[in-house]
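J.: Can you read through this structure? Questions will come right after.
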Amino acid sequence: MRQSPDPLALFVAPLNRLRARYAVTGAMAMIAYGEPRLTNDIDFIVSWPAARSEDLYAAFAGDGRYVPDPETLALELSREHDGHFNIVHAEFALRADVYCAGTDTLNAWALNEAKIIRVDALPVRVAPPEYVIVRKLLYTAQGGSAKHLQDIRAVLRRSGELLDLGRVEREAELAGVSDICRMAQKNTE
């Protein structure tokens, strides 16, 4: 059995080669800004022209990875909202959840303000921590999972003084999750 590859290298390196606009979010961003945790997937926001879906397909096809066909990629990339697809490496049980940027203003924020973090020699574009917090607030509102609040508190504890909490609070108010934001800010010590 081959040694499991680094999920960042497996999924980020092709995006870097394409010079794609992307931002890592979800659990991998939590590792960068909060606390280490186990995950077998990596979440991305990607902005890529639907007309170039063949290039995206070619960048990921092969090496044991499953990627949807170019037509499916083009359909998802062209959606204004909720475009999504997965890239899977079945042998190593690794998955990339790819969320298409569309016209979502939060996604635009993540892409425009992504921070480049080096992991070994690999440059990785990571969504800003404020974006990660706001998305976690929205997920909490949708599903009520305490895990998201724990993640938010971890980011606040580890990166609190570096965060633009005003931006988080403004975005939370616009999204209608100010009450959850206040709840998350409690007990961060």
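The values are calculated or read from the model by the stated rules, or taken from the named source; none is laboratory data. The structure presented is a predicted model; accordingly, all values stated were derived computationally and were not measured. Here Cβ is always computed from backbone atoms with ideal geometry, including for glycine, and neighbour counts include all displayed protein chains.
J.: Counting just the residues of segment 127-154 that are more than 17 Å from Glu113 (Cα to Cα) and among the hydrophobic types (A, V, I, L, M, F, W, C), which one comes out modelled with the lowest pLDDT? Steps first, answer last, please.
T.: So in segment 127-154, the residues more than 17 Å from Glu113 (Cα to Cα) come out as 136-154.
With among the hydrophobic types (A, V, I, L, M, F, W, C) added as a condition, the list becomes 137-138, 141, 146, 149, 152, 154.
Values: Leu137: 91, Leu138: 92, Ala141: 90, Ala146: 78, Leu149: 83, Ile152: 87, Ala154: 85.
Per the criteria, the residue is Ala146.
J.: So which residues in segment 19-65 are under 15 Å from Asn86 (Cα atoms), more than 13 Å from the chain's Cα centre (by Cα) and modelled with pLDDT under 85, if there are any at all?
T.: Asn40, Gly62, Gly64
J.: Specify the residue that is nearest to Leu18 (Cα to Cα); the eligible residues are those in segment 112-147 that are small (Gly, Ala, Ser) and touching a strand residue (DSSP E or B) at 6+ places or on another chain (Cβ under 9 Å). Full working, then the answer.
T.: So in segment 112-147, the residues small (Gly, Ala, Ser) come out as 114, 121, 127, 141, 143-146.
Right, trim to touching a strand residue (DSSP E or B) at 6+ places or on another chain (Cβ under 9 Å) and you get 114, 127.
Numbers: Ala114: 17, Ala127: 19 Å.
Going through the qualifying residues, I end up with Ala114.
J.: Being under 17 Å from Glu35 (Cβ atoms) and more than 17 Å from the chain's Cα centre (by Cα) is the filter here; which residues of segment 137-148 pass it?
T.: Of segment 137-148, the ones under 17 Å from Glu35 (Cβ atoms) are 145-148.
Passing the criteria: Ser145, Ala146.
J.: Additional query: Could you grab me the full set of residues in segment 166-183 that are buried (at least 16 other Cβ atoms within 10 Å of the Cβ) and either more than 14 Å from Asp151 (Cβ to Cβ) or not assigned by TED's automatic domain parsing to the domain that holds Leu156 (or both)?
T.: Applying the first criterion (buried (at least 16 other Cβ atoms within 10 Å of the Cβ)) to segment 166-183 yields 167-169, 171-172, 175, 177, 180-181.
Matches in segment 166-183: Arg167, Glu169, Glu171, Ala172, Ala175, Val177.
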